[in-house]
1. With angles folded into 0 to 90 degrees, how steeply does helix 95-111 sit against the dominant principal axis of the chain? Use alpha carbons for both and round to 10.
2. Quick check for you: with a 1.4 Å probe and neighbouring chains kept, what is the accessible area per residue of the chain, in Å²?
3. Between A184 and Q155, with labels modelled 7 Å along Cα→Cβ, what's the label distance in nm to one decimal, could you check?
4. For Q12 and E173 in one chain, what is 0.36 nm times their gap in residues minus the Cα-Cα distance, to one decimal in nm?
5. Output the relative contact order of region 31-158, whole-number percent, from Cα pairs under 8 angstrom with separation of 6+ residues.
6. Angle check, please: helix 79-91 long axis (alpha carbons) against the longest principal axis of the chain (alpha carbons), in degrees 0 to 90, nearest 10.
7. Using modelled amide H (1.01 Å from N, peptide plane; none on Pro or chain starts), what sits under 5 Å from the amide H of L135, excluding residues fewer than 5 places away?
8. Which ³J(HN,Hα) values in Hz, rounded to whole numbers, follow from the phi angles of region 178-186 under the Karplus curve 6.51 cos²θ - 1.76 cosθ + 1.60, where θ = phi - 60° and Gly and Pro get x?
Amino acid sequence: ERTYARAAARHQARPEDADASLRLASAELIRGQAGRAWELAMSITSAASRGDAHREAKLAGLKVNAALQLSLASPPGSAESLARLENARAAAVTDADRLRCAFAMADHFVAASQPERAYEILWTLGAGGESSTPLPLGDGVNIAARLEIARRLTQVAEVMPRATKAKLGQDAEAWLRDILARLAQPDAARTAIKQLASLGQLDRAGVIGP
C-alpha cells in the first residue's frame, strides 16, 4: 500500500510525467484495477515514450496485461471480451506477448462456439516465427511454443464438426501450395522458407495440419 501511495502521490504532483503514469498504472494493475491501469497507459502519448526503448517496452507490456485482465473480467465469448483482446493484440510487441494474445483469442472463440476460428488462429501461429518462442513451465524449465500450440490445436479439433475439419484441411492445403509457389519468387522465398520450417516443427510436435 505504501508503494501504491507513493506512486499515486507522484502522479498527482506530476500527471504529465510518463514515468509517474507508468508506475501508477503498474501499481493499479497489481491491485486488480485493470481498467484504471489501462486508462493511465493510454494517457501516455507516443511522443512521451518515443526514443526510450525500455519505457516503450514497459508501456506495451502494461497495455497487454491490462487488456487481457479486462477481457477475463468480461463475459466469456462476448463482444466486450473480444474488443479487449483486440486491444491487447494491437499493443503486443514481443513474441511472448503475441503468443499470450493469440492463445487468449483462441480461448475466446472456443467460448463463443466458434472453434474453427480458434483453430485458424492457432494454425497460423504455428506457421509463424513465434512457434519457437520458449514458454516457461516453472522451475526454470521451458518448452518451445509449438508444443503448446500443438496441444491446443488437438483440443480444439476434438470439438469441431467433421465437415468443419475437412474444410480447414482444404484451406491448409491451399495455403501450403501458396507457400511452395512463393519459393520461386526471389522477394518472397525467404519468408516462405521460414514458414515451411515452422510447419515442419509443428508437424514434429504432433500436428500435421487441420
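The values are calculated or read from the model by the stated rules, or taken from the named source; none is laboratory data. Please read these numbers as outputs of a predicted model, since none were measured by experiment. Using ideal geometry, Cβ is built from the backbone for each residue, glycine included, and neighbour counts are taken over all protein chains shown. Accessible surface is based on the protein model in full, side chains and every heavy atom, while ligands, DNA and RNA are left aside. Shrake-Rupley method; radii C 1.70, N 1.55, O 1.52, S 1.80 Å.
1. 70
2. 56
3. Simple spin-label model gives 4.2 nm for this pair.
4. 52.2 nm
5. For region 31-158, the relative contact order is 17 percent.
6. Compared with the principal axis, the helix lies near 80 degrees.
7. I143, A144, A145
8. These are the phi-based 3J(HN,Hα) values: 5, 4, 5, 5, 6, 5, 8, 9, x Hz.
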